[in-house]
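Read through the structure below, which is laid out as structure tokens, and then see the notes.
Please treat every number below as a calculation from the coordinates, not as lab data. These numbers were taken from a predicted model, which means no experiment stands behind them.
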Amino acid sequence: MISRTKVNIRQGSFHLLFWGWLLTVCSLSDWLLGKFTGYDHPYYVWFLVIPGAFVSMIYGFVTGRKAKVHTYADMLYMWTWIGFLIAATVLFIVQAKSMEAVTSYILLLAGFPTFLSGFIIRFRPLILGGICFWIVALLVHFVGPTLAPLGTPIAMLIGYLIPGYMLRNKVNHDKV
């Protein structure tokens with residue numbers, strides 16, 4: 001059963017890679033459009049997160065139905081990330097009038113499920129990724145809105161993309 005849990009969570013690398021790339025593209029697009037064009041609403045690229053959430057949920061639902069065994073660790077992992085989704089949604093509603101400050105809060109929130117997921121699957125790069133989110137959240141807070149969008153790609157690289165590729169490329173499932 002423990003081996004099966006490791007395999008199921010390893011397949012979850014899809015979510016780390018999907019969100020890592022989606023948020024990196026949104027962040028860099030927002031920054032580039034705002035810096036180098038006269039476009040008044042560069043933050044509209046963040047609306048790509050909405051269909052991204054549906055893609056992620058559909059993928060999770062389909063792969064979850066295919067799994068023959070559902071363990072406590074699988075459920076804990078899933079509900080950790082669902083809790084993050086709910087908290088992030090509430091944050092966006094509460095901060096709707098002051099979205100320029102939301103980056104550090106989202107990075108702060110994202111650090112927790114990333115950190116906890118690393119402990120659930122006993123995968124140190126994910127634990128370090130969660131810590132990276134917290135450090136970058138502090139940096140973004142003190143750097144200000146001009147360079148804040150550049151903190152997100154850094155956090156995505158260290159927090160999601162590197163651990164996601166490491167999980168996906170793991171050959172020996174027992175080491176996950």
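When each full DSSP H helix of the chain is screened for a Cα extent of at least 24 Å along its own axis and an average Kyte-Doolittle hydropathy of at least 0.5, the helices passing are 13-36, 49-66, 72-94, 102-120, 124-143. If I build a Gaussian network model for the chain, linking alpha-carbon pairs within less than 10 angstrom, which residue out of Ile121, Ile162, Ile93 has the largest mean-square fluctuation? The residue with the greatest mean-square fluctuation here is Ile93. Name the shape class, rounded, prolate or oblate, that the alpha-carbon gyration tensor gives for the range 51-144, where a ≥ b ≥ c are the square roots of its eigenvalues, rounded holds for a/c under 1.5, and otherwise prolate holds if a/b is larger than b/c and oblate otherwise. Oblate, because a/c is 1.5 or more while a/b does not exceed b/c.
For Cα extents along the principal axes in Å, pick the label among [x] 51, 49, 36; [y] 54, 28, 27; [z] 44, 39, 24 that corresponds to the value derived from the coordinates. Read-out taken from this structure: [y].
When the Gaussian network model of the chain links Cα atoms closer than 10 Å, the mean-square fluctuations of Leu107, Leu23, Leu85 top out at Leu85.
Under a Gaussian network description of the chain, with springs only between Cα atoms under 10 Å, the residue in Phe84, Phe92, Phe133 that fluctuates furthest is Phe92.
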